[in-house]
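So the structure is just underneath, and the comments pick up after that.
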Amino acid sequence: MQLLVNVDHVATLRNARGEGYPDPVDAARICEKAGASGIVFHLRGDRRHIQDDDVFRLKKSVSGTLDFEMAASDEMIRICNEIKPHLCTLVPEGREELTTEGGLNMEAVYEDYEKRVIPALNGIEISLFLDPNETDILAAHKLGVGAIELHTGNYANAADEASGKTELNRLKLAAELAHELGMKVNAGHGLNLDNLPELIKEVPYLNDISIGHALISKSVFWGLDKTIKAYLKIMEDHG
Ligand code: PXP
């Protein structure tokens, strides 16, 4: 199991004042030094946080896994092919949303992914961001992708303990199915120091865990080094 840190919100803070700091590339360096296995960034069509220049600088600077999270637009596919990250995580993207709101609707995107998207990303490992359901996982497998990222948002935002358990069980079944089909199982969205232990205790076969907002927020008070180490300790103790 590996911790990949999403540095988008370091860029959010930088962009709030239009200064050059804090720099997501500096943050990435500190995260890797503290023990993170890699870095995630989401270059959005509206460029609300990460900018094109950040992407090229991250490519140069990151030594571990570089995960380029993106919508499957022609523009992003072109940039991804220039960057050649270790992993490309494809997500749905809506202009009005505050953050990614759910997994891909595989039925809706299947034909486009089969004909345009997957062939255009030839040579780059692809992961599809999916809600934990059998239909979408089977469709991802049929497309021939090597990995999925399970959307943990519903688990993270569960209103009470019972619905949290239900969501955990969905994630567990989804991870088992994806693993059985030979796909890597990644996970992310809404994870934090409180909900991560239960997730990694209950959900098997987890590979990359992608964490952004809560981790960067905690680091405002604790610093990145201490925060990353706290996440790594949880992964060590419960994984
Ligand atoms: N994984 C995916 C596919 C995402 O879209 C996001 C949010 O950008 C994350 C993980 C990280 O989520 P969070 O910022 O809530 O930790």
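Read the figures in this text as sums done on the coordinates, not as results from a lab. As the structure is a computational prediction, the values presented were derived from the model and not from experiment. All Cβ positions, glycine included, derive from the backbone under ideal geometry; neighbour counts span all protein chains shown.
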Provide the net charge surrounding GLU101, with neighbours chosen by a C-beta distance below 11 Å and charges set as Lys +1, Arg +1, Asp -1, Glu -1.
-4
Average Cα contact separation per residue, the stretch 51-101, under 8 Å, 6 or more apart, as relative contact order %
36 percent
Mean-position separation - Cα centroids, the stretch 58-134 and the stretch 172-239, in angstrom:
20 Å
Determine which lysines satisfy two conditions relative to LYS142: a Cα distance under 18 Å, and not lying fewer than 8 residues away in the same chain.
LYS115, LYS184
Work out from phi, with θ = phi - 60° and the Karplus expression 6.51 cos²θ - 1.76 cosθ + 1.60, the ³J(HN,Hα) of each residue of the stretch 63-70, listed in order in whole Hz, and give x for Gly and Pro.
9, x, 5, 10, 10, 8, 8, 6
Please list 3J(HN,Hα) in residue order for the stretch 192-204, calculated via the Karplus relation 6.51 cos²θ - 1.76 cosθ + 1.60 where θ = phi - 60°; whole Hz, with x for glycine and proline.
8, 5, 7, 9, 5, x, 5, 4, 7, 6, 8, 9, x
If each of GLU111 and LYS229 carries a label point 7 Å out from its Cα toward its Cβ, how far apart are those two points in nm?
5.5 nm
I need to check one value: relative contact order of the chain, counting alpha carbon pairs closer than 8 Å and at least 6 residues apart, in percent.
20 percent
Interchain or sequence-distant (5+) residues whose placed amide H lies within less than 5 Å of the amide H of LYS184 are ALA147, ILE148
Summing -39500 (n - 2.57) over the DSSP H runs of n ≥ 4 in the chain and dividing by its residue number, what mean residue ellipticity at 222 nm do you reach, to the nearest 500 deg cm²/dmol?
-14000 deg cm²/dmol
Lysines whose Cα lies under 19 Å from that of LYS218, excluding same-chain neighbours fewer than 8 positions away
LYS33, LYS226, LYS229, LYS233
